[in-house]
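K.L.:
Take this structure, written in C-alpha cells, and hold onto it; I'll ask about it next.
Read-outs throughout are calculated quantities, based only on the coordinates presented, and are distinct from any laboratory measurement. Computed from a predicted structure; not experimentally measured. Backbone-built Cβ (ideal geometry, glycine too); neighbour counts: all protein chains shown.
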Amino acid sequence: MIEKILKRDGTIQKFTPEKIASAIYKAALACGGSDLLLAQKLADEVVALANEKYKGQIPEVEQIQDLVEYVLIENGHAKTAKAYILYREQRKRTREMNALISATINMFSDYLGDKDWKIQENANTQKSINGLNNYIREIFTKNYWLHEIYPEEVRNAHVSGDVHIHDMGFFGAYCAGWDLRQLLLDGFGGVPGKVESKPAKHLRSFLGQIVNSTFTTQGETAGAQAWSSFDTYCAPFIRYDRLNYDQLKQCIQEFVFNI
C-alpha cells in the first residue's frame with residue numbers, strides 16, 4: 001500500500017488518492033463530463049495499479065500522473081485523458097513561470113544582500129547598478145555554457161564542486177592583448193557604429209585612439225585589455241611634438257583619467 005509520494009521539489013509527502021479523483025473530475029468537467037462517482041472509480045483503479053507497480057517504493061508525482069493517463073485511455077475516456085494532459089501541461093507552465101519569478105527575485109536578493117560568493121569573484125568590479133545587470137546576465141550565460149557548450153561530465157563536475165570553471169558569465173574570450181603597431185599605422189576603424197579615424201599625427205590623438213580602441217575591445221572580452229610596447233610606440237610622437245617633461249606628464253595624466 002502506497003503511503004508516501006515523492007514531490008517535484010524532492011520532498012516526500014503523504015499520498016492522498018483524493019487528489020487523483022479531484023484531478024480526473026476536473027478534467028472530465030473540462031470536456032462536458034460530470035460523474036464524480038466515475039472519477040472516484042477511475043482514481044481507485046489508478047491507486048490499485050500504483051500499489052501493484054510500485055509496491056515497497058515511493059513513486060514520483062509524474063509516475064502517478066502517467067498512470068492516470070493510462071487508466072483514462074484504457075477505459076475509453078480519450079477526451080478526458082486529453083483534457084488531463086492539457087491540464088498537466090498548463091500546470092507545468094505555471095510551475096516553470098513561478099520558478100522563473102522566484103529565481104529572478106533570488107538573483108536580485110543575492111546580489112543586493114551579498115549572499116552569493118560569486119559576487120566577489122572578479123576583484124576589478126564594484127557593487128553597482130551595472131554590476132547588478134552583469135550579475136543577472138552572467139547567470140544565464142553560465143547556464144548556456146554548462147548546458148550547450150560543455151559536455152555533461154564537465155557540467156556535473158562543475159555543479160558538484162569537483163572543479164571550478166572560472167568566468168563562464170561571459171560568452172567570449174577572457175583577457176586579450178593587442179599590438180599598438182596596427183593602431184599606429186592604420187588608425188582606428190572597422191568597427192560598426194564607431195567613428196573612424198586615420199593614423200594619429202600627435203601624441204594626444206594617439207592616446208585618444210588607444211582609449212577608444214580599449215573601450216571597444218573591452219566589450220568583447222570578460223577580463224582585462226593589454227597593450228604591448230606602449231612607451232616604445234609613443235616615443236616618436238613625443239619627439240615629433242617636442243614635448244617637455246611637464247607637457248608629457250599632462251598628456252599621460254589625461255590618458256590615465258580617460259582610460
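K.L.:
Of the cross-linked pairs 198/249; 7/127; 26/55; 14/82; 19/142; 127/201, which ones have a Cα-Cα span greater than 32 Å in the structure shown?
P.N.:
Pairs exceeding 32 Å: 7/127; 19/142; 127/201.
K.L.:
Check residue 223: other-chain or 5+ apart residues with amide H under 5 Å from its amide H, H built from backbone geometry?
P.N.:
Sorted by chain and number, the residues that satisfy this are 175.
K.L.:
While we're looking at this one, here's another question. Going by a ≥ b ≥ c, the root eigenvalues of the Cα gyration tensor, does region 180-234 fall in the rounded group (a/c under 1.5), the prolate group (a/b larger than b/c) or the oblate group?
P.N.:
Cα axes put region 180-234 in the oblate bin.
K.L.:
Based on other C-beta atoms within 10 Å, arrange 74, 45 from fewest to most.
P.N.:
74, 45
K.L.:
Sticking with this structure for a sec: What nm distance separates the two modelled labels at residue 175 and residue 227, each placed 7 Å from Cα along Cα→Cβ?
P.N.:
With each label point 7 Å from Cα toward Cβ, the separation is 1.7 nm.
K.L.:
Turning to a different aspect of this structure: Cut-off is 10 Å between beta-carbons; in what order do 174, 111 appear when sorted fewest neighbours first?
P.N.:
The order, fewest Cβ neighbours first, is 174, 111.
K.L.:
Name the long-range amide H neighbours of residue 60: under 5 Å, sequence gap of 5 or more, or other chain; modelled H, no Pro or chain starts.
P.N.:
Residues meeting the amide H criterion: 6.
K.L.:
Can you tell me the length gained on complete extension of the stretch residue 52 to residue 140, counting 0.36 nm per residue apart and subtracting the Cα distance?
P.N.:
Stretched fully, the residue 52-residue 140 segment lengthens by 27.4 nm.
K.L.:
Counting only helical runs of four or more DSSP H residues, what would the 222 nm mean residue ellipticity of the chain come to if each run contributes -39,500 (n - 2.57) and the total is spread over all its residues?
P.N.:
Value at 222 nm, helices only, nearest 500: -19500 deg cm²/dmol.
K.L.:
Classify region 116-171: rounded, prolate or oblate, from the alpha-carbon gyration tensor (a ≥ b ≥ c, eigenvalue square roots; a/c under 1.5 rounded; otherwise prolate if a/b is larger than b/c)?
P.N.:
Because a/c hits 1.5 or more and a/b exceeds b/c, region 116-171 counts as prolate.
K.L.:
Taking the radius of gyration and the Kirkwood hydrodynamic radius from Cα positions alone, what is the Rg/Rh ratio for the chain, to two decimal places?
P.N.:
When Rh is taken as the Kirkwood radius, the ratio is 1.28.
K.L.:
At most 15 other C-beta atoms within 10 Å and a DSSP loop state: those are the exposed trypsin sites (Lys or Arg not before Pro) I care about. Give me the longest piece of the chain that has none.
P.N.:
128-193
K.L.:
Please give the FRET efficiency for residue 12 paired with residue 128, using the beta carbon to beta carbon distance and R0 = 35 Å, rounded to the nearest 0.05.
P.N.:
0.20
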